[in-house]
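Input: a single structure, listed below in structure tokens.
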Amino acid sequence: MTAVQSQSSTTNKVLGHPLNAWYVAAWDHEVTRAPMSRRIANRPVALYRTEDGKAVALADACWHRLAPLSMGKTVGKDGIQCPYHGIVYNSAGRCMSMPAQETINPSATVPSFPVVERYRYVWVWLGDPTKADPELVPDMHQMSSEEWAGDGETIHAPCNYQLVLDNLMDLTHEEFVHSSSIGQEELSESDFVVSHDGNTVTVSRWMLDIDAPPFWLKNMRDKFPGFEGKVDRWQIITFQAPSTICIDVGVAAAGTGAPEGDRSQGVNGFVMNTITPETDRSCHYFWAFMRNYRLESQLITTQLRNGVHGVFGEDEEMLKAQQEAIDANPDYEFYNLNIDAGGMWVRRLIERMLDAEGRLVPTA
Amino acid sequence: MAATNTEVWQRATVVEIHTVATDIRRIVLEPALPKAAEPGSHIDVKVSIGGEEQKRSYSVVESDDAGRLVISVMRAPQSRGGSVFMHGLETGQQLEITQPLQNFPLRVGAERYILLAGGIGITAIANMAAVLQRLKASYTLVYAGRSRTAMAYLAELQERHGENLVVHVDDEGTSLKVDELVAGADLDTELYMCGPIRLMDAVRRAWSERELDSPNLRYETFGNSGWYDPEEFIVKVPRLGIEAKVGQGRSMLEALEDAGADMMFDCRKGECGLCEVRVLALDGGIDHRDVFYSERQQKATEKMCCCVSRGVTSKTGAKADASPAGPAVITIDIS
Ligand code: FES
Ligand code: FES
Ligand SMILES: [Fe+2]
């Protein structure tokens, strides 16, 4: 462990990503019989479905001359044909036929990455496949539960994935970045509590007896028409290594017992975020907003998705500008504030994963 | 993109030896340059036979975090000497070995698996089974042998795999029935096997009779294990005025290169077909050891992969039955 301390990359401006982890490659509906390409953890991956509907992830480079398989077409029960000289691979990435010969070279394979479809996402494992235990998929059960409704989108964020994690682990920025929707002074004034274990970090913050910001007042009125008055507001941020953050958010009529566990007089949502590194300086940011009230209303689903889309658009702008400033000032360092405690634990857990893979090397 | 197979040679120390079944020794090696061994990988070992250095391949049964490698070696009845050398090792002794090489990778993510080990073939299969068990995959481990005392690791496997292990023992009257085994496979099953060549041939036949996808049947193609013992033979290239002797321990490709022919090749293990030569005349037979030609093409004896395939005169495959009239002669042309 001493080695980790001495070469700590805790304030690395561009942090590497663990490979022995499940990352979301795509929303379930994005993956179809027509192959698509997506770069995940610096590796181009071809994604498609078999005739039986099973999602497949192959390295997007043909064994022969590395032509992208995603430009080819699906053939047969589970195959894909290279668009260049026609080699056909099955879903295991093994060659099924070769041009102009009666046999198949048994070495002709492309890597086939383990895939799990869960919580409306297609997850892939790019690291050591013998460690790809499906039970390690982060818990995002609200995404596919009958008790929750909602929807989300993908942001292609032009920054290192760690900057998004930093952003989500510390919501004091809401006061400044999202002042018109969810920001309020009490955010930076209120106290927060950080805890962690080997795989998770939690930051909880309660703001009692405050005015509801516009976004939350609207939500309260969706459930309790005509609601007026003060609220108790909460944000409980839970990080699951290496890059999933689910945020339990909500407000309840002030003094009705929400901090003690009775949320019946309030509205509750979960902001589901999972970030997939694309390159060292870009990532796929999958998010959704799920709620546990008025499940029948598609109108509210659409309004919430659009509302969060607007809020996250403000983050995206900041993240892009931040990455540009980082790259334009290679000789300047990051410094830390007390509000960074959550984000710092996140970095610590990620460093441990990198160290276990023998890859704790700061990327320049 | 295929599994990397660059040979990195290193020294290793024998740190543990014990007998795990009749004539089978478990040997633990501590390599100088430790590297984790994937399931299905093997190491090449330099052995000395009658004072001459030769190479033998052994599957890695398991490896630990420190990079120690476990292999198991059976003293073969008609051994050419490699297993005798290995059985003569003592703890503390040093060996030249490669880092783990991979020709037989396990694909994670199949619907169902059958792992078939015949006898000492368990060495290649045991590690795969351990990984599938850890990942809670759906798998059956089928282990066939002559008698229980000759089957290494039975007790450990039983403990680890429980119901997923099926054992067939010849002298208990429960011999493996290949047709029944293959009948249990469907289009979503991958079968990995390692064992005697005759067992693997029977599975291959049953597999294609059931019209299962051939890429779902996985086994290691050792270019150096043909049906025939290697014999010395002669290769002639009239157009280039070459006549060369191919010794038992050399390939025709090497002999032609030595004789100054400009040869094209890639894999040098009978897979790609780039080393193809045209056969003009043949005195004797050809032991096709490649997987590039179909059976039909091999029977036609018009072409051969000179990196692995050889001239032979023996009718039975055994070297003792080689023709006393002299070696096989293959007359060829090259591109
Ligand atoms: S590049 Fe794919 S078949 Fe040639
Ligand atoms: S060099 Fe590839 S088959 Fe001979
Ligand atoms: Fe934000």
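Data overview
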quantity	calculated
For segment B:262-335 versus segment A:297-364, the gap between their alpha-carbon centres in whole angstrom	61
Computed over segment A:106-157: relative contact order in percent, which uses C-alpha pairs under 8 Å that are six or more apart	26
Considering only chain B, percent of DSSP beta bridges that pair antiparallel, nearest 5	65
Average beta carbon contacts from partner chains per residue of B:289-297, 10 Å cutoff	3
Dipole magnitude of chain B about its Cα centre (Cβ charges: Lys, Arg +1; Asp, Glu -1), debye to nearest 20	240
Most mobile listed residue (A:ASN273, A:ASN105, A:ASN160) in chain A, GNM with C-alpha springs under 10 Å	A:ASN105
Environment charge of B:ALA12, counting only residues whose C-beta is closer than 11 Å and scoring Lys/Arg +1, Asp/Glu -1	+1
Average other protein chain Cβ within 10 Å of Cβ, residues B:30-40	1
Protein-only accessible surface order, largest first, of B:VAL178, B:VAL235 at 1.4 Å	B:VAL178, B:VAL235
Per-residue SASA entry for A:GLU153, accessible area with 1.4 Å probe, Å² rounded to 10	50
Cα centroid separation - segment B:1-54 against segment A:249-291, whole Å	53
Segment B:123-184 versus segment A:178-238: alpha-carbon centroid distance in Å	58
Lys/Arg +1, Asp/Glu -1 at C-beta; segment B:233-333 dipole; positive extreme among B:CYS272, B:THR316, B:GLY249	B:THR316
Of B:MET304, B:VAL28, B:GLN54, farthest towards positive along the dipole that unit charges on Lys, Arg, Asp, Glu beta carbons give chain B	B:GLN54
Cα centre as origin, Lys/Arg/Asp/Glu Cβ charges: segment B:228-303 dipole, Debye	220
Charge tally in the Cβ shell below 14 Å around A:CYS95, where Lys, Arg are +1 and Asp, Glu are -1, A:CYS95 excluded	0
30 Å Cα-Cα reach of B:LYS136 towards lysines, excluding residues that sit fewer than 8 places from it in its own chain	A:LYS54, A:LYS77, A:LYS131, B:LYS35, B:LYS177
Share of carbon and sulfur in the accessible heavy-atom surface of segment A:266-353 [1.4 Å probe, %]	54
Solvent-accessible surface (1.4 angstrom probe) belonging to B:THR6, in square angstrom, nearest 10	110
Carbon/sulfur fraction of accessible area - segment A:117-207, other protein chains in place, 1.4 Å, %	47
Largest-first ordering by accessible area, 1.4 Å probe, given options B:LYS136, B:LYS46	B:LYS136, B:LYS46
Relative contact order for segment B:63-130, counting Cα pairs under 8 Å that sit 6 or more residues apart, in percent	28
Cα gyration tensor shape of segment A:139-356, rounded if a/c is under 1.5, else prolate or oblate by comparing a/b with b/c	prolate
Accessible area in square angstrom per residue, segment B:9-102, 1.4 angstrom probe	47
Rounded accessible area of B:SER214 (nearest 10 Å², 1.4 Å probe)	70
Helix-only [θ]222 nm of chain A, DSSP H runs n ≥ 4, -39500 (n - 2.57) each, per residue, nearest 500	-6500 deg cm²/dmol
Surrounding net charge for B:ASN216, when Lys and Arg each add one and Asp and Glu each subtract one, Cβ distance under 13 Å	0
Surface/4 estimate of mean projected area, convex hull on alpha-carbon atoms of the protein assembly as shown, nm²	36.8
Candidates A:ALA67, A:ALA328, A:ALA258, ranked by Gaussian network fluctuation over chain A, Cα under 10 Å, top entry	A:ALA328
Buried area at the A-B interface (accessible, heavy atoms, 1.4 Å probe, summed, Å²)	2300
Antiparallel content of DSSP bridges confined to the protein assembly as shown, in %, to 5	85
Per residue solvent-accessible surface (Å²) - segment A:225-269, probe of 1.4 Å	32
Shielded residues, segment B:76-120 - accessible-area loss of 40 Å² or more between chain alone and all protein chains, probe 1.4 Å	B:ARG107, B:VAL108
Value of [θ]222 nm, deg cm²/dmol, for chain B, DSSP H segments ≥ 4, -39500 (n - 2.57) each, nearest 500	-5000 deg cm²/dmol
Accessible area of chain B belonging to carbon and sulfur atoms, whole % at 1.4 Å probe	47
Sequence of B:MET74, B:MET193 from largest to smallest accessible area, 1.4 Å probe	B:MET74, B:MET193
Per residue value of the accessible surface for segment B:112-219 (all protein chains in place, 1.4 Å probe), Å²	45
Cα lying deepest toward the dipole's positive end in chain A, options A:LEU126, A:PRO242, A:GLY226, charges on Cβ	A:LEU126
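The values are calculated or read from the model by the stated rules, or taken from the named source; none is laboratory data. This is a predicted model, so every value here is computed, not measured. Cβ coordinates were reconstructed from backbone atoms using ideal geometry, including for glycine residues, and neighbour counts include every protein chain displayed. Heavy atoms of the whole protein, side chains included, go into the accessibility calculation; ligands, DNA and RNA do not. Shrake-Rupley method; radii C 1.70, N 1.55, O 1.52, S 1.80 Å.
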